[in-house]
Amino acid sequence: MSEPRTLVLIPIKSFDASKSRLRGALSDDDTVVLTRRLARGVINAAHPRECRVVCDDDEVAEFARECGATALIVESRTLNDALREAIDQLDGVDVIVIAHGDLARPEGLGQFSPNDGVTIVTDRHRSGTNVLALPAGVAFDLAFGADSARRHEQEARRRGLAVTVITDSPWGYDVDVPDDLTEPLT
């Protein structure tokens with residue numbers, strides 16, 4: 001039996017609008033540099049898997065192409081709606097891995113083989129979802145935002161899908177607030 005076709009989706013906001021909670025600790029220019037650096041690291045770590053960047057911004061789309069990813073330009077303004085719009089455009093995919101573009105240590109993402117069903121990699125606080133793997137073609141209500149790990153787990157159970165929750169992954173370290181800058185970044 002052949003390996004399932006796994007695709008990595010990375011949502012990335014406009015660089016000028018991203019990381020608003022960091023802008024008090026960093027200048028706007030430094031925030032953009034950091035955001036681009038983190039996103040490039042996640043895209044690079046997704047290889048050799050096929051990688052698509054979900055965005056609504058031409059600059060981010062060009063950045064994605066420069067990094068070797070395909071840009072999926074969407075019109076939706078919320079993260080969950082944008083990801084659903086992108087997922088609805090996919091064809092011939094067996095597994096979808098959604099990884100945020102601000103992972104501090106994304107190494108190994110391209111070799112990730114999730115368990116059957118839904119796999120949730122929480123943030124280090126065990127409340128957010130930093131990486132989410134889903135079987136393609138199943139109805140699944142995305143719930144990124146506050147307490148998303150618990151809400152994604154509930155959704156998987158509601159849909160009768162097996163669920164694995166990983167709470168001790170290097171992917172648990174994302175960069176959202178000034179305190180996150182104390183973690184080593186790749």
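Every read-out reported here was derived from the displayed coordinates using simple, explicitly stated rules and does not represent laboratory data. It should be emphasised that the depicted structure is a prediction, and the values quoted were computed from it without experimental measurement. In this analysis, Cβ positions are derived from the backbone assuming ideal geometry, glycine residues included, and neighbour counts consider all displayed protein chains.
Couplings 3J(HN,Hα) of the stretch 61-78, computed from phi: 4, 5, 4, 4, 5, 4, 8, x, 9, 8, 9, 10, 8, 10, 9, 5, 9, 9 Hz, in residue order, whole Hz [Karplus 6.51 cos²θ - 1.76 cosθ + 1.60, θ = phi - 60°; x for Gly and Pro]. Taken over the alpha carbons of the chain as equal point scatterers, the Debye sum produces base-10 log I(q)/I(0) values at 0.08, 0.15, 0.16, 0.19 Å⁻¹ of -0.23, -0.84, -0.97, -1.42. By how many degrees, 0 to 90 and rounded to 10, does the Cα axis of helix 28-46 deviate from the longest principal axis of the chain? For 28-46 against the chain, the angle is about 30 degrees. Using the Cβ-Cβ distance between L90 and R126 with R0 set to 41 Å, the FRET efficiency from 1/(1 + (r/R0)^6) comes to roughly 0.90. Ellipticity at 222 nm from helices only: DSSP H runs of n ≥ 4 in the chain, each -39500 (n - 2.57), divided by the residue count, give -8500 deg cm²/dmol. In this structure, the amide hydrogen of V163, modeled 1.01 Å from its nitrogen in the peptide plane, lies closer than 5 angstrom to those of V118, counting only residues at least 5 positions away or on a different chain.
Apply 1/(1 + (r/R0)^6) to the Cβ-Cβ distance of D116 and D16, taking R0 = 45 Å, and write down the FRET efficiency to the nearest 0.05. My answer for the efficiency is 0.65.
Take every Cα pair under 8 Å in the chain that's 6+ residues apart, average their separations, divide by the length, and report that relative contact order as a whole percent. Spell out each step's value before the answer.
Numbers: 352 pairs, mean separation 44.5, N = 186.
Once normalised by length, the contact order is 24 percent.
Here the calculated FRET efficiency for D168 and E50, from their Cβ-Cβ distance with R0 = 25 Å, stands at 0.35, rounded to the nearest 0.05.
With K and R counted +1 and D and E -1, the other residues having a Cβ less than 12 Å from that of H47 yield a net charge of 0.
The H on the amide N of V54, modeled in the peptide plane, is under 5 Å from the matching H of I10, I12, L72, each at least 5 residues off or on a different chain. Using only Cα atoms, tell me the angle between helix 148-158 and the longest principal axis of the chain; keep it within 0 to 90° and round to the nearest 10. Tilt of helix 148-158: around 10 degrees. Taking amide H as placed 1.01 Å from N in the peptide plane, N130 has its amide H under 5 Å from the amide H of V121, T122, D123, each at least 5 places away in sequence or on another chain.
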